[in-house]
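Q: Below you will find the structure I want to go over with you.
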Number of protein chains: 2
Amino acid sequence: MSRPSLAEALFRPRAVALIGVSDDAGKTAGRPLRFLRKHGYAGPIYPINPNRSAVQGERAYANLGEVPGPVDHAYILVNTPAVEAAVAACAEAGVMVATILASGFAEAGPDGRERQRRIVEIARGKGLRLVGPNSLGVVDTGAPLALTANAAFAADALPRGRLTVLSQSGSLIGTLVSRGAVRGIGFGKLISVGNEADLSVGEIGVALADDPETDAFLLFLETIRQREAMTRFAALAHRAGKPIIAYKLGRSAVGQALAVSHTGAMVGSDAAVDAFLRHHGILRVDHLETLLEMAPLVVGRKPPARSHVRVGVIATTGGGAATVVDRLGVLGVEVAPPSDDTLAKLRAVNVPPQSGPIIDVTLTGARYEVMRPALDILMDAPEFALILATIGSSAQFQPELAVKPLVDCAREKKPLAVFLTPQADETLRLLASHGIAAFRTPEACADAIAAYLAWCEPVPLVNAEPRTLARATAVLQAAAGDVLDERQSLALFDAIGVPVTPSHVLHATAEPAALPFPFPVAAKVLSPDITHKTDAGGVALDIAGASELRERAHALVAAARNHHPTARIDGVLVQPMERGIAEVLLGYHLDAQAGPVITVGMGGTLAEIYQDYAVRVAPVSASEAAAMIEEVRGFAVLEGYRGKPPGDTAALAEAIAALSMLAALPEPAVLEAEINPLIVKPAGQGVVAVDGVVRSSRTSPSPPR
Amino acid sequence: MSRPSLAEALFRPRAVALIGVSDDAGKTAGRPLRFLRKHGYAGPIYPINPNRSAVQGERAYANLGEVPGPVDHAYILVNTPAVEAAVAACAEAGVMVATILASGFAEAGPDGRERQRRIVEIARGKGLRLVGPNSLGVVDTGAPLALTANAAFAADALPRGRLTVLSQSGSLIGTLVSRGAVRGIGFGKLISVGNEADLSVGEIGVALADDPETDAFLLFLETIRQREAMTRFAALAHRAGKPIIAYKLGRSAVGQALAVSHTGAMVGSDAAVDAFLRHHGILRVDHLETLLEMAPLVVGRKPPARSHVRVGVIATTGGGAATVVDRLGVLGVEVAPPSDDTLAKLRAVNVPPQSGPIIDVTLTGARYEVMRPALDILMDAPEFALILATIGSSAQFQPELAVKPLVDCAREKKPLAVFLTPQADETLRLLASHGIAAFRTPEACADAIAAYLAWCEPVPLVNAEPRTLARATAVLQAAAGDVLDERQSLALFDAIGVPVTPSHVLHATAEPAALPFPFPVAAKVLSPDITHKTDAGGVALDIAGASELRERAHALVAAARNHHPTARIDGVLVQPMERGIAEVLLGYHLDAQAGPVITVGMGGTLAEIYQDYAVRVAPVSASEAAAMIEEVRGFAVLEGYRGKPPGDTAALAEAIAALSMLAALPEPAVLEAEINPLIVKPAGQGVVAVDGVVRSSRTSPSPPR
């Protein structure tokens, strides 16, 4: 008998051991035995309990050594202090996967982190793989396997389906199963990954990417751990044509803090997470029920073309449709009236001309003979990427009128999203059974439509130019410490391909020589120890000539010494005064969750207050950088705003792409780089970096993961 | 027998006539007879149909003249062209209220508007009041009266309750009734107000403010019509202790456009609507289901103190609670951990110390003996304004563990919001029956909590100073046309109490005399025909002395003439160069829906791009103006941002309050006034208006409603 694969050991184990299972079937540690039996697991189940000869009426074994056959998957149900011994026993016994229920590990402070490190070490030594700790278990409705302590599995039936759930919250798998049951939405595999001490969402996803029983993946995420595995999972799932839909906490500061305390996750910026998910072709939903409801919009489909994003709307209730359309407007989705051609076709089937984007069939009568041909026409209409149908009261008592046409219409051509205004569970089940995405709330419906239209192909790898990388690496290696001063930073930006303003260093003791560029100039004190030069009185602008430069350079150094007596001062940096249309902030950093990201926005106080930045996983191409520029609202000033000339956005895009290549550098890597400001000149005249700072991993112990 | 009141005629008519009722009980025009009978209306029903002697098996009358008794309420079910005659017949017959089903009136272009005007004229002449047109009817579960064509009333039972619904969308009353039924949430009165040609939400609300069977009002709004009546309704409902909760479309441009096309409503800004609702103490919810779910949070309560806005969280599922808390964070609601005192009390009942804001009882075991005392402690904890409880899987199968404590705890002290993560309809009904606000989605739950915490007392009237108003009126009356030039505008601002910079007019032909203020100065061309002076080359800044002023004044006039050859040029306005911490935009206008509003934000391009403004119904007090200043994110620059001195926000608040007094002026009224910029100087040094424009109703035909 060959050794099972990871996916088989997880979801189709030949035998299961329940370590520390309780005799009380109502207790958390007693439920897995009850649920395995209730839902008909076919293989041997070995309850392990050294204190009892029987558990819940079944024979119990004192330890794993006593069980009569091999165990593929053990569920460790003992208390926190006993977990380590149980893991060691599983490792000794040749168990393939152990899932751990207990909490009190990485999420519980330094002691917990140490406990978690030890169990991983024990398991790794013997090839044992771990799920959890803090895992409510593993379910496969097809096996069937309900190896879980989640109380929701007390339900009599597990609706089967082809959606696989990977969740960092254990209780959420129960939420989805119980809410799905009443809707006729079933699941294939569900796994509560807990702390991901060993097996992560990414690695489990990789193991399931080719699962013939999975059509799509639903993720409930609190953080992103093991980024590389997540990246592989996304790529494999995409290749297999299986969309990944994610609901992720941490959109607010309090939510990010929760992720930390709850399962010991690391904090990063939500905008970076958003960029990471989009980069890898993962759809992100904003509402919890959208995670349950939206899969039919994407199963078997590819991301829509970016140019094809209009939504067509048909309704038997204008007010009901307006609740979705208004929200789509808030989300920036384009809801459009039909073309003249489509309107003519609709008129031919007795749907009267409409003003506005909602095709309201109420006037004609919400009947099959009207709805069916109208829907077929909309499904064929080239102007629409997706059709939204909103059905009113008839959905509850007369589904034959306006709901049956949804089932019968030519829907293979584009996604159909349905919002039912009344309580109509039976109709929701009917639509689910036909693979139609139906929504209970206008908000989840709009959320799903927006997520579908924002869905992108995974971004292809951007290749770096080896000579550029070599030049940049040389600059980094030449720098003394981990924080580069302004001159070194500008040298790095120059090496990586960002235009920088020329600069000339006056040494504090020497007389200024002739400058290699004309006046007027700017002068700044040069010191690795002074980061806020303006606050330290270390910046002088608009210097008109040599004598003024001499005077003000002395004054700068004196002010800086006064402000910061112990700072090393390497001289005064002189640059031409650069002017342009706008001052831009361009940043690169390693995000705790998302990894290397590039950020661009307007410079200055207000942009900082409004957090108006575009973020992408680095490196990016110049065309992706151009898309970033379009996202920043403040860059309206670069489009010839209020009579100003347009800015050189092409050069800005090139500069963004160039700086993003920092992600391709080998060690010593750049942890953080900021150009502030990058001056954008009128179109055709380029951009130029005039100030910036870089922090590298050169003397840091290790980069943040 | 005395004549019934409006509320009685609407909801408790002694007899009902159905004009044009169809024999087909399944057709829209046939349903009202079926639903009246089904739900047990006790009074006489007179079907009116000149073509049939019987309708749906009941005796039909050829016209209203034939019916044997008085009719308090008629439902006109005929087609659009026949409505006018039916209204005339009702008016003749002394019917008190006629509800009109047909569409094709104000929402359908000029012809429809004319049709609507005529029926109102006919009705007014005879004291007949109208509901609609475009009304799906009137329901009173207590009467019982189901005078409606909404298909949702085919349901067998109408759950009774003490919530009254006033809806501009007819189908929405069916949505609420059918969704409420499964939740155990019942309604008292429901009315579909349609186009509000005569009776508006406001007037119907006034008639029901003292209704002993109503605890709270739910409004579904597409627009605000008859603002004065709405204002009266809000005041009376507040006095009667009956909260008003509104869901209003129009948050997006496409949503606002829909409101227009759908029922002929007028468009206004959503921010102004928000301000209007808040001003009158009306709660606004963002999610449709919140309208159904949130009433128990507010019934019998007063708005919370503004300083008391923290939410305490208890949960049997950390992940489930995090979905609500994360969203509360996005909405800016403060979720706080318990105080040390509360933590000590919790420890005493065996709830272990918690890190972070969620009190997760999972570890202790989600049992009654833990939840009940913990909830009582939180209800007593003075740091929390509201408690959120999130219950996981046990809510579905074991409500005795964590749900029963919610029912039993000491909840009179503060509102309790409950989010159940599993599908648990029975538990939702249990909670509803005990008057506990329970939510199906984390998003609606967070929305309701945010709405509760934002709930304010209606703002008291701000009194204007009569002499100030008289001065301002004199300035307005002295102005020649409806658009005031800059000098006249500044004079008005001065008269109303806003500090303005001194100015001096140089007449184009004369030699400049000595200025009444020192150099440097700014100069602008003075013309009622040139609004964008900078674009016309009509502004010069930083003029150092008299000879420079002479030269540049000539150049300004020449440039303006060149740019705008037909413009009347009245001279050149000279002002001191004013400098400060920030340039602010201060505006006043008559909003189409909300009426007079005052707006404040940062001046300049970026603030315009980010739409970062605070809006209030005018006039406002200086303390309300101070609250506006705190809302504008860009005003962070006035708080001593990045080493700058703080700005004079007290003087800014006084200026906002002063300009808002324009709302108190008699005719000729100000339609629109903008100070741009108002310069804010360092604290203690005041503010000063340097430029602005005013449009009055002086020569305009009439102000927008």
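The values are calculated or read from the model by the stated rules, or taken from the named source; none is laboratory data. Since the model is a prediction, treat every value here as computed from it, not as a measurement. A quick note on method: Cβ atoms are made from the backbone with ideal geometry, for glycine too, and the neighbour counts reach across all protein chains shown. We work out accessible area using only protein heavy atoms, side chains counted, and drop any ligands, DNA or RNA first. Shrake-Rupley method; radii C 1.70, N 1.55, O 1.52, S 1.80 Å.
Q: Can you tell me which residues in region A:529-538 are open to solvent by 50 Å² or more (accessible area, probe 1.4 Å) and out of contact with any helix residue (DSSP H, G or I) (no Cβ under 7 Å at 6 or more places or on another chain)? Walk me through how you get there before you give the answer.
A: The first filter runs over region A:529-538 and keeps only residues open to solvent by 50 Å² or more (accessible area, probe 1.4 Å), leaving A:529, A:531-532, A:534-535.
If the condition is that a residue be open to solvent by 50 Å² or more (accessible area, probe 1.4 Å) and out of contact with any helix residue (DSSP H, G or I) (no Cβ under 7 Å at 6 or more places or on another chain), then A:Asp529, A:Thr531, A:His532, A:Thr534 are the ones that fit.
Q: Here is a further query. Specify the residue that is farthest from the other protein chains (Cβ to nearest Cβ); the eligible residues are those in region B:374-384 that are in contact with a Lys or Arg (Cβ under 7 Å, 6 or more places away or on another chain) and buried (at least 20 other Cβ atoms within 10 Å of the Cβ).
A: Of everything passing the filter in region B:374-384, B:Ile377 is farthest from the other protein chains (Cβ to nearest Cβ).
Q: Mind listing whichever residues of region A:551-604 are open to solvent by 50 Å² or more (accessible area, probe 1.4 Å) and part of a helix (DSSP H, G or I)?
A: Once the filter is applied, which keeps residues that are open to solvent by 50 Å² or more (accessible area, probe 1.4 Å) and part of a helix (DSSP H, G or I), region A:551-604 yields A:Glu551, A:Arg552, A:His554, A:Ala555, A:Ala558, A:Arg561, A:Asn562, A:His563.
Q: Tell me whether region B:162-175 contains one or more residues that are away from chain A (no Cβ under 14 Å), within 22 Å of the chain's Cα centre (by Cα) and either open to solvent by 10 Å² or more (accessible area, probe 1.4 Å) or more than 23 Å from A:Leu363 (Cβ to Cβ) (or both).
A: Just the residues of region B:162-175 that are away from chain A (no Cβ under 14 Å), to begin with: B:162-164.
Next, from what is left, pick out any that are within 22 Å of the chain's Cα centre (by Cα): B:163-164.
If we keep only those that are either open to solvent by 10 Å² or more (accessible area, probe 1.4 Å) or more than 23 Å from A:Leu363 (Cβ to Cβ) (or both) too, we end up with B:163-164.
Scanning region B:162-175, I find at least one residue that is away from chain A (no Cβ under 14 Å), within 22 Å of the chain's Cα centre (by Cα) and either open to solvent by 10 Å² or more (accessible area, probe 1.4 Å) or more than 23 Å from A:Leu363 (Cβ to Cβ) (or both), so the answer is yes.
Q: Tell me the residue from A:Ala450, A:Ala454, A:Ala438 that is within 13 Å of chain B (Cβ to nearest Cβ), at pLDDT 95 or above and within 26 Å of the chain's Cα centre (by Cα), please.
A: One residue alone meets the criteria, A:Ala450.
Q: Still on this structure, please answer the following. Does region A:352-373 include one or more residues that are in contact with a strand residue (DSSP E or B) (Cβ under 7 Å, 6 or more places away or on another chain), open to solvent by less than 40 Å² (accessible area, probe 1.4 Å) and more than 14 Å from every other protein chain (Cβ to nearest Cβ)?
A: Among the residues of region A:352-373, not one is in contact with a strand residue (DSSP E or B) (Cβ under 7 Å, 6 or more places away or on another chain), open to solvent by less than 40 Å² (accessible area, probe 1.4 Å) and more than 14 Å from every other protein chain (Cβ to nearest Cβ), which makes the answer no.
Q: Next up: Can we say B:Arg239 is open to solvent by 10 Å² or more (accessible area, probe 1.4 Å), more than 26 Å from B:Ala594 (Cα to Cα) and at pLDDT 95 or above?
A: Numbers: open to solvent by 10 Å² or more (accessible area, probe 1.4 Å): yes; more than 26 Å from B:Ala594 (Cα to Cα): no; at pLDDT 95 or above: yes.
Judged against the criteria, B:Arg239 is not a match.
Q: Just a yes or no: is a residue in region B:117-140 at pLDDT 95 or above and hydroxyl-bearing (Ser, Thr, Tyr)?
A: Yes: one or more hits.
Q: Residue by residue through region A:199-213, note down the ones that are open to solvent by 10 Å² or more (accessible area, probe 1.4 Å) and either β-branched (Val, Ile, Thr) or part of a loop (DSSP other than H, G, I, E, B) (or both).
A: Once the filter is applied, which keeps residues that are open to solvent by 10 Å² or more (accessible area, probe 1.4 Å) and either β-branched (Val, Ile, Thr) or part of a loop (DSSP other than H, G, I, E, B) (or both), region A:199-213 yields A:Val206, A:Asp210, A:Asp211, A:Pro212, A:Glu213.
Q: When you go through (1) modelled with pLDDT of 85 or more; (2) more than 19 Å from A:Pro357 (Cα to Cα) one by one for B:Thr223, which number turns out not to apply?
A: Status for B:Thr223: all satisfied but (2).
Q: Out of all the residues in region B:114-158, which are surrounded by fewer than 24 Cβ atoms within 10 Å (Cβ to Cβ) and in a helix (DSSP H, G or I)?
A: Within region B:114-158, B:Glu114, B:Arg115, B:Arg117, B:Arg118, B:Val120, B:Glu121, B:Ile122, B:Ala123, B:Arg124, B:Gly125, B:Lys126, B:Ala154 meet the criteria.
Q: Also, I was wondering about something else. Does region A:503-512 contain at least one residue that is open to solvent by 60 Å² or more (accessible area, probe 1.4 Å) and either assigned to a helix (DSSP H, G or I) or basic (Lys, Arg) (or both)?
A: No; the residues of region A:503-512 include none that is open to solvent by 60 Å² or more (accessible area, probe 1.4 Å) and either assigned to a helix (DSSP H, G or I) or basic (Lys, Arg) (or both).
Q: Only one of B:Ala614, B:Ala622, B:Ala626 is open to solvent by less than 10 Å² (accessible area, probe 1.4 Å) and either under 16 Å from B:Thr649 (Cβ atoms) or within 14 Å of chain A (Cβ to nearest Cβ) (or both); which?
A: From the options B:Ala614, B:Ala622, B:Ala626, the qualifying one is B:Ala614.
Q: Let me ask you something else. Just for region B:267-281: of the residues that are of a type in the set (A, V, I, L, M) and open to solvent by less than 10 Å² (accessible area, probe 1.4 Å), which one is nearest to the other protein chains (Cβ to nearest Cβ)?
A: Among those that are of a type in the set (A, V, I, L, M) and open to solvent by less than 10 Å² (accessible area, probe 1.4 Å), it is B:Val273.
Q: Moving on. Name the residues in region B:629-661 that are open to solvent by less than 10 Å² (accessible area, probe 1.4 Å) and within 14 Å of chain A (Cβ to nearest Cβ), would you?
A: Scanning region B:629-661 gives B:Val632, B:Gly634, B:Phe635, B:Leu638, B:Gly647.
Q: What are the residue pairs meeting all of these: first residue in region B:146-157, first residue away from chain A (no Cβ under 11 Å), second residue open to solvent by 20 Å² or more (accessible area, probe 1.4 Å) and not charged (D, E, K, R), Cβ atoms under 6 Å, and 6 or more apart or on different chains?
A: B:Ala146/B:His39
Q: Something else about it: Among the helices (runs of 4 or more DSSP H) confined wholly to region B:1-98, which include 1 or more residues that are open to solvent by 10 Å² or more (accessible area, probe 1.4 Å) and without any contact (Cβ under 8 Å) to a residue 12 or more places away in the chain?
A: B:31-38, B:80-93
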